[in-house]
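A short worksheet on the structure shown next.
We did not get these values from a lab; they are worked out from the coordinates using the rules stated. These numbers come from a predicted model, not from an experiment. Backbone-built Cβ (ideal geometry, glycine too); neighbour counts: all protein chains shown.
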Amino acid sequence: MSFSADWLALREPYDLRARNRDVLERAAAAFAGEPAIAVVDLACGTGSTVRALAAHLPARQSWRLVDNDLGLLARAAAADRPPDLRVTSTPVDLARDLEAALDGPLDLVTTSALLDLVSAEWLERFVAEVAARRLPVYAALTYDGRAALSPADPLDQAVVASVNRHQRGDKGFGAALGPTAVAAALSAFARVAYEVVHGSSDWVLGPSDQEMQGEVLAGWAGAARELGDVALPDLMAWITRRRELIAAGASHLRVGHVDVFARPTGRR
Ligand SMILES: C[S@@+](CC[C@H](N)C(=O)[O-])C[C@H]1O[C@@H](n2cnc3c(N)ncnc32)[C@H](O)[C@@H]1O
């Protein structure tokens, strides 16, 4: 599955605003007082996690950015950064070569907007691999299936149900966890006796967020169309009504996400 740089640029400020403060602070507190930190960011896209986290971590940072999209990786590598921040970018297919991405000296694993794309098997493998290395994980912005549109439309529920079914399709890692990813991650980390904090990081979009709302809803209409759960004329009428509300500055949209920080405890 590919993600355009334009879409990642559009969503980044919303992601930044949505990131759960408590979870971010717990992640930052785990490294407070350390002189330096080595981080791997899985599925880095254009590097939004570095931009979101750098100011919260020890000044001397080395980041290994990993993605399988060479275009996104090139953008991530080219970004301007403070001199204390060392960044390397590595092309890795995480479905195949997760272990290679985690090898070498590391203090923290980060990822954003990835866990809903992966399968139950991949998540188990990921948690087993980080637990074997005793690595903490900060995983942000996992979609959790909650979606609220206002004003409500009679077709909203059917479209959201179709989107959530589409989220379970294969995104390159086998059948995706989609809206079940958060619960699966929390129980997988509990099984390896990690201490976990989590909190919501919803996109809260209002009348001034017209482009973002338009893109999200266009994506939803595309997903519902692909599955054919909603009759096409009804779907077209739905997206037209929702677009009119967006254009009139009357549309509100909330999309549920959850952030997680998980770290090994003494027990295993
Ligand atoms: C929703 S985007 C999130 C990007 C970035 N973490 C962010 O928050 O802006 C998902 C990312 O996963 C990457 N990805 C998808 N499948 C992958 C795979 N098999 N191996 C490595 N990266 C993958 C995509 O290229 C994309 O950059």
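In vacuo Debye scattering of the stretch 191-236, one point per C-alpha: log10 I(q)/I(0) at q = 0.26 Å⁻¹? Debye intensities relative to I(0), on a log10 scale: -0.94. Multiplying the residue separation of ALA183 and ALA36 by 0.36 nm and removing their Cα-Cα distance gives an extension gain of 49.7 nm.
How large is the direction-averaged shadow of the alpha-carbon convex hull of the stretch 72-154, in nm²? Spell out each step's value before the answer.
On the way: hull surface 34.7 nm².
Result: 8.7 nm².
Residue-normalised convex hull volume from the C-alpha trace of the stretch 212-268: 124 Å³ per residue. Can you give the translational diffusion coefficient of the chain in µm²/s, computed by Stokes-Einstein from the Kirkwood radius over Cα pairs at 25 °C and 0.890 mPa s? In µm²/s, the coefficient rounds to 127.
Extent of the stretch 1-107 along its three principal axes (Cα atoms, max minus min coordinate, largest first): 38, 32, 26 Å. The magnitude of the dipole of the stretch 77-224, with charges of +1 and -1 set on the Cβ of Lys/Arg and Asp/Glu and taken from the Cα centre, is near 340 debye. With a cut-off of 16 Å on the backbone N, the residues of the stretch 19-54 near the modelled label site 7 Å out from ALA79 along Cα-Cβ are 19, 39-54. Screening the chain for whole DSSP H helices with an alpha carbon extent of at least 24 angstrom along the helix axis and a mean Kyte-Doolittle hydropathy of at least -1.0 yields 210-227.
Between the listed residues PRO151, LEU98, VAL23, the Cα displaced farthest toward the positive end of the dipole of the chain, a dipole computed from Cβ unit charges relative to the Cα centre, is found at VAL23. In a reduced charge model with +1 at each Lys and Arg Cβ and -1 at each Asp and Glu Cβ, the chain shows a dipole moment near 540 debye about its Cα centre.
What percent antiparallel are the DSSP beta bridges of the chain, to the nearest 5? Write down the numbers at each step before the final one.
On the way: 21 of 43 bridges.
About 50 percent, rounded to the nearest 5.
Run the quick spin-label model on THR240 and ALA148: label points 7 Å from Cα toward the beta carbon, then report their separation in nm to one decimal. So the two model labels end up 3.0 nm from each other.
Put simply, when 148-154, 217-223 are sorted by average Cβ atoms within 10 angstrom per residue, most first, you get 217-223, 148-154.
For the stretch 25-166, the calculated P(r) over all alpha carbon pairs, in 10 Å bins from 0 to the bin holding the longest distance, is 10, 38, 30, 15, 6, 0 percent.
Our helix-only sum for the chain, with -39,500 (n - 2.57) per DSSP H run of n ≥ 4 divided by its residues, gives a mean residue ellipticity at 222 nm of -13500 deg cm²/dmol.
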